[in-house]
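Below you'll find the structure, written out as structure tokens, and then a few comments.
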Amino acid sequence: MGLFDFFRRKKKPAPPAPSLKEIWRGFQRVLSGNNEALVLMGDLEEKLLGHDGFDLHYLRSRIDLLDGHLADLVSALQAISGSRWPELENARGRIKEAIHQRLAERPPCPDSPLLVRLEEATPELMPALGGKAGNLVRVKNQLHLPVPDGVVATLAAYRLFMEQEHPSEPGTLLERLSRRLAVLDLADETLVEKTSRELQAMVLAQPVPEELAGALVAEARRLAGPEGRGLAVRSSGAREDIAATFAGQYESYLGVAPNEVPERWRQVVASQFGERALIYFKIQGLLLEEAAMGVLIQRLVEARAAGVMFTTDPESGDSNHMVISAVWGLAADLMGGQVSADEYLVAKDRGRLLKASYGCKDHRLVFQDGRLIRQAVEPELVEAPALDPGDLEQLAAFARILENYCGCPHDVEWVKDLKGQIYLVQSRHLNLAGDRVPLGADMAGAVSGAKVLLEGGRVGSQGVAAGPVFRLYDGRNLADVPAGVVLVAPRTTPKLAPVLPRIAAIVTDVGSATGHLALVAREYGVPALVDTLKAGELLTEGQEVTVDAFHGKVYLGRVEELLRYQRRPTLHLLNSPLHEKLRAVVDLIAPLNLVDRRSSQFRPENCRTYHDVTRFAHEKAIQVMFGLMDSVEQGRVPALRLLKLKTSLPLNLHLVDLGDGLASHETPVPPEDILSVPMRALWRGISHPGISWAGPVPVNLGGFLQVLGQTAIRPPERFWDKTYAIVAANFVNYACRLGYHFQSVDSYCGPVAADNYINFAFKGGAADETRRIRRIRLIAYVLEKIGFEVEIHLDVIRARFRKRPAAETEERLDLVGRLMAYVRQMDMVMSDDDIPLVLADRFLAGHYDRPGEERGE
């Protein structure tokens, strides 16, 4: 062997060219992948509007599906084109990597000591305290309002706990929880309940680090003091009372002894994986994977009375008025809807009482002999006011200070000790309803004649809704509550929160308008009437009712006059962490940068989003198909037999049968031998007897001169070339160049509606651009009227009709065929802007005569 032969590289044999059937199957893959990808992109963009809830599992699953469709689409394009655009796969991989990087990003956990005392919390430590504790630090240290002494187990303590290895389980607790959360579908309520138990069990089985446990006990003993005071151990989630209230969604413990604090700390941490918290995360657009829990440990106040203050009346929205709820003892039962409370409407400027109603406060919650007990209230105090005028003035003063500092209404929990000192134990922004209905006679007059079933109680969340009554009594479970019902329950316990997203309204016998469930109902936009005392007695199972949670009434049947005030349930997704992550991901998916296929920038390396990839692949796949006949003629693609269609129309149409589209292969093929469902329907329209194919379209002088001018600039190669249809039983790919314009139809029409589609494209003409665009307007108007989605770019129109039953799809193909025949050379008659609409209306009315062809009608 010579030296030259030794070094000479042997060329690899070129892979065999794909057959026409293989190209068709690849083209179908491109079309299918493109359609599915666009649907997924549209779904993600819909989610950006914030109307529908979703979770990170949903987002990941959509991205995984997109990844799969894009990979298959690019692979299919390479197969049918002979790997003509290898850079497209590189672009897809680059974009995919960037998407998944954004999907996996997590905010850093701030550095801090494991424990921070409230009075020692500096501004730089605030992010490490969680929302509830951070708000109290501001109230105590910056506003100098009375707050019980306390200490915060920071997010650093949470991180220490989460990142330790379990003695008998592989990986850190955070890793094991994350794996479980990654496959959790929050739309499956049964799965949520099961997964919640598993996640909480994992947390409760994890040992508290000795360093943390020792520090918690030492600080707890300091707070309890020698007299052994009880402690409160409360959640302070990273987003709690900041992005959302989390009212009643996490556990809190009162009357805790110092040596119990580490276990209670762990239980609070576990509560963020409780069923109602998991669902709340989804509704609020928060990321479970980014959950982090600070825990607030405070000295428990020996309470004479306690309650809640809204610094602006949420019912009227009047910023001059405030609402205060109060009970004897500690307020945990008030928050949990276990007791009726006093309610005071107070003028904020001086604390003057405007209106009061006194609840039946038959028991009080107190810390006694080292434990929390419910104690019977003396008969003379059951309906006596729990607050005196001085208390109202003091609370009003606190309200003014808080609102002046923050510039917004507040929701405040307070406690009055045995000596009369009032302490603030929680403070957060109060979300008020954006749109209100006047509480005057206008609405009352609108429902004259409607039967009132229930009147009274308190408005927990404003709104109007209707539905059948579902009574949550006699041991029935939350899982039994169907969607769209008016839930009637004994009390406003936070345990009802998981069903709020699916019910129409809630009405309870006992409860407070300032309790946790009312707060969450207000966040969800679910009307709530509470403390009615007799809802369970008066409202019967299955009864259709209308709840008016503006005026505190329940009507028999649907009261349409009221239901016009019904609001769409609120989802606080916009600007939430999950929404921001979705936006960051969609920025790499949905925008379309490769708009003009004729531009020199229309190249695979310029793809910056998944939409660019699909646009490029779809455009190039069509280019491959439209050049298919040339490839066959030139021998680049193994040919199937071309069969000329027998017709008297001036169409040089050849058919390519992929196996089951024609009854015979004798040429010329009579139209009755067309078995392809979509081709048969399309041909029925093209050959409609009411449309004249004889002779040229009559034109005016201006249109004729325009045609002559355009012909001189860009003469046609061969007037009747490139007219063909590839057919199968349920498929047609029809491409026709008729003179100076090009039109194509790609359609699948089968028994499964979800698979059916029509893609239509039309471009060009012989006249000037203005006249061509007017013809496009005619086509677009007709297609939109018959249900197509239409996209126009100058004299190019693309339209699609998707996921409809076969009969409806065939009907549209027939109309598309008629339309294609009707508009041939029609650009030449488009002399003014009014003609397109006139001709479109005539076409839709079944009049297919064109200008100059009118027959007697």
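The values are calculated or read from the model by the stated rules, or taken from the named source; none is laboratory data. Quantities reported herein were computed from a predicted structural model and do not represent experimental measurements. Because the Cβ atoms are built from the backbone with ideal geometry, glycine has one as well, and the counts that use them run over all protein chains shown. Surface accessibility is based on the protein's heavy atoms, side chains included, excluding ligands, DNA and RNA. Shrake-Rupley method; radii C 1.70, N 1.55, O 1.52, S 1.80 Å.
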- Distance in nm between pseudo-label sites at His144 and Ala98 (7 Å out along the Cβ direction from Cα): 5.4 nm
- Note on the structure: Net charge (Lys, Arg +1; Asp, Glu -1) of residues whose beta-carbon lies under 14 Å from that of Glu219, Glu219 excluded, is +1
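In whole percent, and with a 1.4 Å probe on the protein chains, what portion of the accessible area of region 74-117 is carbon and sulfur?
Of the solvent-accessible surface of region 74-117, carbon and sulfur hold 48 percent.
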- Item | Built amide H within the under 5 Å cut-off of Arg304, gap 5+ | Lys416, Asp417, Leu418
- Message: If packing is taken as the average number of other Cβ atoms within 10 Å across a peptide's residues, how do 452-460, 218-226 rank, most packed first?
- Response: 452-460, 218-226
- Once the other residues with Cβ under 9 Å from the Cβ of Ser512 are scored (Lys, Arg +1; Asp, Glu -1), what is the net sum? -1
- Query: Which ³J(HN,Hα) values, rounded to whole Hz and listed in residue order, are derived for region 326-336 from phi using the Karplus coefficients 6.51, -1.76 and 1.60 in 6.51 cos²θ - 1.76 cosθ + 1.60 with θ = phi - 60°, glycine and proline given as x?
  - Reply: 8, 9, 6, x, 6, 9, 4, 6, 5, 5, x
- Would you mind calculating the gained length between Asp834 and Thr190 on full extension (0.36 nm times residue separation, minus the Cα-Cα distance), in nm to one decimal? 225.9 nm
- By the scheme Lys and Arg +1, Asp and Glu -1, what is the net charge of all other residues having a beta-carbon under 14 Å from that of Asn141? -1
- How would Thr154, Thr190, Thr667 rank on accessible area, largest to smallest, probe 1.4 Å? Thr190, Thr667, Thr154
- To the nearest 10 square angstrom, how much accessible area does His144 have with a 1.4 angstrom probe? 140 Å²
- Phi-derived 3J(HN,Hα) across region 62-69 with the Karplus relation (6.51, -1.76, 1.60, θ = phi - 60°), rounded Hz, x for Gly and Pro, is 5, 5, 4, 5, 4, 3, x, 5
- Which whole-percent values make up P(r) of region 460-589 when all C-alpha to C-alpha distances are grouped in 10 Å steps starting at zero? 13, 44, 27, 11, 5, 1
- Task: For region 383-427 and region 510-537, compute the distance between their C-alpha centroids and round to whole Å.
- Result: 22 Å
- Taking square-rooted eigenvalues a ≥ b ≥ c of the alpha carbon gyration tensor, is region 499-552 rounded, prolate or oblate, where a/c under 1.5 means rounded and, failing that, a/b exceeding b/c means prolate? oblate
- Task: With 10 Å bins from zero, work out the P(r) of region 343-406 over every alpha carbon pair and list the percent per bin.
- Result: 19, 33, 30, 17, 0
- Task: Using amide H atoms built 1.01 Å from N in the peptide plane, name the residues 5+ places from Gly525, or on other chains, whose amide H lies under 5 Å from its own.
- Result: Thr570
